[in-house]
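Taken together, the values in this text are just the output of simple stated rules run on the coordinates, not laboratory data. Worth saying up front: this structure is predicted, and the values here are computed from it rather than measured. Note: ideal-geometry Cβ built from the backbone for every residue, glycine included; neighbour counts use all protein chains shown.
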Amino acid sequence: MSTTKKIAGAALAAALGVTTLAACGGDAEDKSAGASDAPKSKNVTLVSHDSFNVTDTVLKEFEQQSGYTVKVLKSGDAGAALNQEILTKGSPRGDVFFGVDNTLLSRALDNGIFTPYEAKGLGEVKPEFHLDKEHRVTPIDSGDICVNYDKQYFADKKLAPPQTLDDLIKPEYKNLLVTENAATSSPGLGFLLASVGKYGEEGWKDYWSKLKANGVEVVDGWEQAYNERFSGSAGGKKAKGDRPLVVSYASSPPVEVLYADPQPADAPTGVSTGTCFRQTEFAGLLKGAKNEEGGKALLDFLISKKFQEDMPLQMFVNPVTKDAALPELFTKHGVVIEKPEAVTPDAIAKNREQWVKAWTSTVVK
C-alpha cells in the first residue's frame with residue numbers, strides 16, 4: 001500500500017502515527033556489520049516505502065532458516081521509492097522492491113525494473129490479486145481506502161452516517177467531509193479513483209463539482225486530515241477537529257482500538273463501506289539484483305503464512321493468501337469491503353495525470 005500512510009496507504013502503521021519498525025532494518029544491518037567474515041551473498045536487501053514493518057522474531061526466523069541476513073532500506077513514500085528504482089534501473093540499491101501498488105503498477109512494469117519470478121506459494125494468493133501474468137511482481141497485501149466517520153458525532157446529532165458515495169453529496173452531510181489532495185496523497189488519489197470507478201469517465205467530474213458545492217474540505221495529506229481535521233480520532237480530539245467524515249482506511253477503526261489507553265470495547269470510528277477503493281501492494285525481484293537467490297527466498301517469505309499473518313498488526317493491511325487468518329482485532333473491529341470500486345492498472349497508467357489535473361481544476365482551483 002503506498003505511503004502517506006499511508007494508505008499506502010493501505011501501510012497504515014506510519015499513517016496512523018505508529019512507529020514500530022526501523023529496528024528491523026537496523027537490527028539486520030547491525031548483524032551484518034558484526035559478521036565481517038560473512039559472504040556478501042548472504043545479505044539480501046529489501047527496498048521499501050517507509051511503512052514496511054515486520055515482527056522482529058518473524059524476520060529472525062526467516063534469517064535463521066534461509067541463512068540470509070535481511071537489510072531493509074526505507075525510501076520515503078511509495079512514489080518516491082519507485083522513482084529511485086526507475087532512476088537506478090539495472091543497478092538497483094537492493095534485491096527486492098516492496099510497495100508498488102495498483103495505482104503505480106503499470107509505471108513500474110513499463111520501466112522494466114523487475115525480473116520475472118514465480119514465488120513459491122503463489123497458488124495460495126487469491127485470484128483477484130494476480131494482476132501480472134508474467135510474475136514480474138508478487139501480490140503481498142491489500143487495503144481499502146474508505147470514508148471513516150465519527151460514531152459519537154452522528155449519535156449526538158441523531159443522524160445516520162453516510163454509507164455510499166451518493167450519500168456524501170446530500171445536504172445533510174454538507175461541510176462534514178475532509179479529504180486529502182489527490183495530487184499529493186495516496187488516499188486522496190484512491191478516493192478520486194473510487195469516484196472514477198463508480199461514475200465513469202463521463203460522470204466523476206460532475207460528482208466532484210457536487211461534492212465541492214456540498215462543502216468538502218481538501219488538505220495536503222492523511223496526517224493533517226485524520227489527526228487534525230477529523231473529529232473522531234485520538235489526534236483529532238486533541239486538535240479539536242470539526243469534520244466527522246474523513247478519507248482514511250477500512251483498517252483505521254482497529255488501529256484506534258489497538259492504540260487507545262484503555263482500549264474501548266467498540267471502535268470509536270466506523271467505515272462507510274460504499275465509498276471504498278482497493279489498493280493492492282506488490283513486491284518484485286529487481287533487475288540487476290546482486291543476490292537474486294536471496295531475493296527469491298525473500299519473496300517466498302513475503303507470501304508465507306508466517307509473514308502474511310504477522311502483517312495485519314504490523315502494517316494494518318490485509319493478507320492476500322487464502323490460508324492466512326486475520327487477528328481478532330481485525331475480525332472484531334474491522335469491516336469486510338465486499339464490493340470496492342475498481343479501476344484497472346492500465347486505465348490508471350493511461351489517465352492518472354489528466355484525471356489529477358482535472359480534479360485539481362474542479363476541486364482546488
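Data for the structure
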| item | result |
| --- | --- |
| Peptides 80-89, 267-276 ordered by average Cβ neighbours within 10 Å, highest first | 267-276, 80-89 |
| Reciprocal mean inverse distance between Cα atoms of the chain - Kirkwood radius, Å | 20.6 |
| Least to most buried among HIS135, HIS49, HIS130, HIS333 (fewest other Cβ within 10 Å first) | HIS130, HIS135, HIS333, HIS49 |
| More than 17 Å apart - percent of Cα-Cα pairs taken over the stretch 76-158 | 57 |
| Antiparallel bridge percentage (DSSP; both residues within the chain; nearest 5) | 60 |
| The stretch 139-191 - Rg over Rh from alpha carbon coordinates, Kirkwood radius | 1.04 |
| Per-residue [θ]222 nm for the chain (sum of -39500 (n - 2.57) over DSSP H runs n ≥ 4, rounded to 500) | -10500 deg cm²/dmol |
| Per-q log10 I(q)/I(0), the stretch 278-355, q = 0.10, 0.12, 0.16, 0.25 Å⁻¹ (Debye; single scatterer per alpha-carbon; no solvent) | -0.37, -0.52, -0.83, -1.14 |
| Cβ-placed point charges (K, R +1; D, E -1), dipole of the chain about Cα centre in debye, nearest 20 | 660 |
| FRET efficiency estimate (nearest 0.05) - Cβ-Cβ, LYS339 to THR360, R0 35 angstrom | 0.80 |
| Phi to ³J(HN,Hα) by Karplus 6.51 cos²θ - 1.76 cosθ + 1.60 over the stretch 196-209, Hz, x for Gly, Pro | 5, x, 6, 9, x, 4, 7, x, 5, 5, 5, 4, 5, 4 |
| Interchain or long-range residues, amide H under 5 Å from ASN43's placed H | THR69 |
| Positive minus negative residues near VAL246 (Lys, Arg vs Asp, Glu; Cβ under 11 Å) | -2 |
| Distant-in-sequence amide H partners of VAL178 (H built 1.01 Å from N, under 5 Å) | GLU217, LEU245, VAL246, VAL247 |
